[in-house]
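Contents: one structure, followed by commentary.
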Amino acid sequence: MALESIRYERGSLCILNQRLLPQQLRYEPVPGVQRAWEAIRDMEVRGAPAIALVGCLSVAQELVAGGGPAGADAAALAAFVDERLRFLASARPTAANLEREAQRLRGILERGARTPGVTAQQLRESVIEHMEGLLEQDRAQNRRIGAHGAQHLLQQLPPGSGATVLTHCNTGTLATAGYGTALGVVRALHELGRLQRVFCTETRPYNQGGRLTALELQHDGVPVTLIADSAAAAAIRDRGVHAVVVGADRVAANGDTANKIGTYQLAVAARHHRVPFYVAAPSASCDPALPHGGAIAIEERPARELTHLQGLCLAPPDIEVWNPAFDVTPHELITGGIITEWGVFAPGELRQALAERGAAGGP
Ligand code: MRU
């Protein structure tokens, strides 16, 4: 069975319940926003792009079913869509993508409402179509991220030689509409016949690396080795890692990047060993309004996700726990570059790239 995080056709949105992986492949219906909010909060669907896609498509579902304001008021439709997206974004606050999409939709609705002769029904349809188009847009952007990243990385290696990459968390098909961001770079290298191996970290405490990345890469025949998070520095030093490539939940204008907890320590280890460290993310993960990473809201997850593994308690039951879901890697440690659908930028070039090409959805 193909691994897809999201299955959508008009009137039907289903997600692969990632909490059950790798033991069970079960698709579950998401009939509307409330169920999407729960699925995002409980990490049945996760990864910044997939969160935004499921959020938007759950709103589309409600609009298709005739939800929202009746009648001809474009402002009321805009307010409805905005309120639903804000509510969805509250489920997991660190990722930028859903918020960026809400901004784009506000623009679409405002322009539509100002266009003479456009009816509320047409406006509703254009919002639904826009949201439906996001799946294909995400897949296309990921292919471009993969191609740019692979090309840039290979330029640092002797001609014809293969690359060994280390990655963290899950940034693949399961975190996106398909192909993936950092895993898109890995897939592109593999398609070029230039991937020696990818090391994927287990990614405690939620084990996205062990449960998801290892599963989807093995499923697709990509040479992958699973390591404990605590083996990462040793793998970088002793296993010939040429580059570390990770995803992003929110990239500030100066390039500081929030990503899965543990990313920062990988960047420190990469710097120590002079191994290039890349962030791969669509422009929709970038937040040009945020000057630096210190301003990024870092989600903290329940203690139980750290103390328990599949119901088994691994710590004293009343132990005090700090369980941040993400950390911020300062831009100076992102030595390889930030790989977007537009190309690869040094962190210092990102602000201008975003200003010139638009923060989300440019070609
Ligand atoms: O807590 P998660 O699993 O949603 O965290 C996912 C990550 O940190 C990913 O690296 C990021 O969202 C990019 S996914 C393409």
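The values are calculated or read from the model by the stated rules, or taken from the named source; none is laboratory data. This one's a predicted model, so the numbers in the text were calculated from it and none came from an experiment. Cβ: placed from backbone, ideal geometry, glycine included. Neighbour counts: every protein chain shown. Heads up: the accessible areas ignore ligands, DNA and RNA and are worked out on the full protein's heavy atoms, side chains in. Shrake-Rupley method; radii C 1.70, N 1.55, O 1.52, S 1.80 Å.
The angle separating the long axis of helix 120-155 from the principal Cα axis of greatest extent in the chain is about 20 degrees.
Tell me the angle of helix 182-191 to the major Cα principal axis of the chain, expressed in degrees between 0 and 90 and rounded to the nearest ten. The angle comes out at about 70 degrees. For the chain, leaving out every one of the trypsin sites (Lys or Arg not before Pro) that falls in a DSSP loop and has at most 12 other Cβ atoms within 10 Å, the longest unbroken run is 11-273.
Provide the FRET efficiency to the nearest 0.05 for the Glu125-Arg19 pair, computing r from the beta carbons and using R0 = 30 Å. Efficiency, rounded to the nearest 0.05: 0.30. Along its first, second and third principal axes, ordered by size, the range 148-356 spans 53, 40, 35 Å in Cα coordinates. Of the GluC sites (Glu not before Pro) found in the range 309-363, those that fall in a DSSP loop while having at most 12 other beta-carbon atoms within 10 Å are Glu320.
What is the distance in Å between the Cα centroid of the range 200-218 and that of the range 157-196? Computed from Cα coordinates, the inter-centre distance equals 15 Å. The C-alpha atoms of the chain define a longest principal axis, and helix 97-114 lies at about 30 degrees to it. Based on the Cβ-Cβ distance of His272 and Glu349, what FRET efficiency does E = 1/(1 + (r/R0)^6) give at R0 = 35 Å, to the nearest 0.05? Plugging the Cβ-Cβ distance into 1/(1 + (r/R0)^6) gives 0.90.
A helix-only calculation puts the chain at -12500 deg cm²/dmol for mean residue ellipticity at 222 nm, using -39500 (n - 2.57) for each DSSP H run of at least four residues, averaged over all residues.
Take the Cβ atoms of Ala65 and Thr115, set R0 to 41 Å, and the FRET efficiency comes out at 0.95. Expressed to the nearest 5 percent, the antiparallel share of DSSP beta bridges inside the range 148-356 is 40 percent.
Distance between the 7 Å Cα→Cβ label points at Gln34 and Arg239: 4.6 nm. For the range 200-217, backbone phi angles converted through the Karplus equation (6.51, -1.76, 1.60; θ = phi - 60°) give residue-by-residue couplings of 10, 6, 4, 6, 5, x, 9, 6, 4, x, x, 7, 10, 5, 4, 5, 6, 6 Hz, Gly and Pro being listed as x.
Annotation: the antiparallel percentage among DSSP beta bridges lying fully within the chain is about 50. Solvent exposure of the chain, expressed per residue, is 41 Å² of accessible area, with all protein chains present and a 1.4 angstrom probe. Nonpolar atom fraction for the range 247-350, defined as the carbon and sulfur part of the 1.4 Å probe accessible area, stands at 57 percent.
Carbon and sulfur: what percent of the range 6-138's accessible surface (1.4 Å probe)? Numbers along the way, then the final one.
Details: 2870 of 5540 Å².
The value for the range 6-138 is 52 percent carbon and sulfur by accessible area.
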